[in-house]
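Accompanying notes for the structure given below.
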Amino acid sequence: MKIRAAVLEEFGAPLVVQEVELAGPQAGEVLVRLHACGVCHTDMYTASGVDPSGYAPTVLGHEGAGVVEAIGEGVTSLRVGDHVVTLFSPQCRECVHCRSDKTNICLAIRDQQGKGHLPDGTTRLSRDGEPIRHFMGTSTFAEATVMPEIALAKINPEAPLDRACLFACGLSTGLGAAMNTAKVEAGSFCVVFGAGMVGLGAVAGARLMGAERIVCVDLSADRLALAKGQGATDVMVGGPDAVAQLLEMTDGFGADYTFEATGNVKVMAQAVEAARMGWGLCTVTGVAGKGETLDVLPRWLITGRRIAGSSFGGVKGRDQVPQLVQRYLDGDIDVDAFLSHSITLDEVNKGFDLMHDQDGIRSVIAF
Ligand SMILES: NC(=O)c1ccc[n+]([C@@H]2O[C@H](COP(=O)([O-])OP(=O)(O)OC[C@H]3O[C@@H](n4cnc5c(N)ncnc54)[C@H](O)[C@@H]3O)[C@@H](O)[C@H]2O)c1
Ligand SMILES: [Zn+2]
Ligand SMILES: [Zn+2]
């Protein structure tokens, strides 16, 4: 079938919305008609050419939500008409990682996904007979996509898809960082560095876990106001003095849990230093620039602080994304506050501009 899609033709140049060919689903695959897709930093990062693992041409997009239109042979967990959220982090439920409760990093299709292929090593996307590679296994800047069954989370059809799509990446990452990775204890003192989609999700996650104090640190007053709406009890303007101020708020000890959601390695170091001596846990979610390293004095660790990394918030997508969407429907998570701009597929480059200007939290493409 012919679909319209936003193609990254050349690094550093705007995406080109055009018609491409999408083949039907093969065994274990599903054709999804997209209804909504968020525009995320990772798309912009890849489009810029800075990502060393990036490739072109490809159809970008990974924060999709839509409806199953057809299923391939052997697909048992989804039916035509199901509402789904796309997962760049799949869950096969069979590999050694999926069978462990210690990680959400599924091993089943990693290699092929990284190369831009579906699990059988080919693509469903093409143009004039030439294959076009998939991106993050999702390629959701498109009217429709074909994805592996193991990379789709079936959600409650009552959830509006323009809200549900935010659970495909940043929001689940932040929520999961607090709920899965850190497992924040009730009554604890939390600090979240960064109030973008991920940091605000971590604020909401800490609140849902019953944290008593949640301090959110950011450079933007608008974003700190949003953090209050998600449950931050205190907000602070970031900078070199942030750690000293946080230590002052905690009798010199530091916080039970800190979260880094900026991608800045200096802020990551601050998040380690602001974690409590004895048991403070720093959870890092930000993606640092190419070649950057985290500079931490070993003394910070020997005296009891720990550092954890969190990919997609430790969320096992097929099991937990539906649960998080349900908590949204139950009124526990305010998703509306994150949806800043509704745009069309043709306006996808405007979505990048809005993100670059920090105008709102998320632009969502409506198809
Ligand atoms: N681990 C994962 O699976 C995963 C998933 C999605 C995104 N990410 C990464 O998480 C990070 C955050 O993503 P986002 O979408 O929320 O980004 P964002 O750019 O919207 O938010 C980052 C925030 O950090 C703030 N900030 C910058 N410097 C600061 C400082 N010195 N002190 C305090 N705050 C500061 C900015 O003002 C901004 O509000 C990015 O690095 C992104 O690539 C990781
Ligand atoms: Zn994303
Ligand atoms: Zn797996």
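The values are calculated or read from the model by the stated rules, or taken from the named source; none is laboratory data. No experiment lies behind these values; they were computed from the predicted model shown. Counting neighbours? That spans all protein chains shown, and the Cβs are built from the backbone with ideal geometry, glycine included. Please note that ligands, DNA and RNA were not included when accessible areas were found on the heavy atoms of the full protein model with its side chains. Shrake-Rupley method; radii C 1.70, N 1.55, O 1.52, S 1.80 Å.
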ask   = What are the residue pairs meeting all of these: first residue in region 50-79, first residue within 12 Å of F11 (Cβ to Cβ), second residue crowded, with 17+ Cβ neighbours inside 10 Å and among the hydroxyl-bearing types (S, T, Y), Cβ atoms under 6 Å, and 6 or more apart or on different chains?
value = G54/T46
request  = With the condition kept exactly as written, say whether any residue in region 131-138 is open to solvent by 60 Å² or more (accessible area, probe 1.4 Å), more than 16 Å from ligand 2 (Cβ to nearest atom), more than 27 Å from A366 (Cβ to Cβ) and modelled with pLDDT of 95 or more.
outcome  = yes
request  = Can you run down the residue pairs with Cβ atoms below 6 Å, 6 or more apart or on separate chains, where the first is in region 93-122 and without any contact (Cβ under 8 Å) to a residue 40 or more places away in the chain and the partner is within 16 Å of ligand 1 (Cβ to nearest atom)?
outcome  = C95/C106; H97/T103; H97/I105; H97/C106; L107/H97; Q113/G137
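When only residues in region 337-353 that are out of contact with any Lys or Arg (no Cβ under 7 Å at 6 or more places or on another chain) and touching a residue at least 40 places away in the same chain (Cβ under 8 Å) count, which is surrounded by the most Cβ atoms within 10 Å (Cβ to Cβ)? Explain how you work it out, then say what you get.
The first filter runs over region 337-353 and keeps only residues out of contact with any Lys or Arg (no Cβ under 7 Å at 6 or more places or on another chain), leaving 337, 341-342, 344, 346-353.
After this cut, where a residue has to be touching a residue at least 40 places away in the same chain (Cβ under 8 Å) as well, the list is 337, 342, 346, 348-349, 351-352.
Details: A337: 14, S342: 12, D346: 11, V348: 24, N349: 18, G351: 26, F352: 20.
Applying the filter and picking the extreme gives G351.
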query = How about region 1-95: which strands (runs of 3 or more DSSP E) wholly inside it have at least 3 residues that are closer than 22 Å to R318 by Cβ and touching a His at 6+ places or on another chain (Cβ under 9 Å)?
reply = 29-38, 63-71
message = Residues that are within 15 Å of ligand 1 (Cβ to nearest atom) and not charged (D, E, K, R): does region 62-76 have at least one?
response = yes
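Out of everything in region 158-181 that is open to solvent by less than 10 Å² (accessible area, probe 1.4 Å) and away from ligand 2 (no atom under 16 Å from the Cβ), what residue ends up being nearest to T233 (Cα to Cα)?
A178
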query = What number of residues within region 20-49 satisfy the criterion of being in contact (Cβ under 8 Å) with a residue 60 or more places away in the chain, open to solvent by 40 Å² or more (accessible area, probe 1.4 Å) and within 16 Å of ligand 1 (Cβ to nearest atom)?
reply = 4
request  = Could you list, in sequence order, all residues of region 271-304 that are open to solvent by less than 30 Å² (accessible area, probe 1.4 Å), in contact with a strand residue (DSSP E or B) (Cβ under 7 Å, 6 or more places away or on another chain) and more than 16 Å from ligand 2 (Cβ to nearest atom)?
outcome  = A271, V272, A274, A275, G280, L281, C282, T283, V284
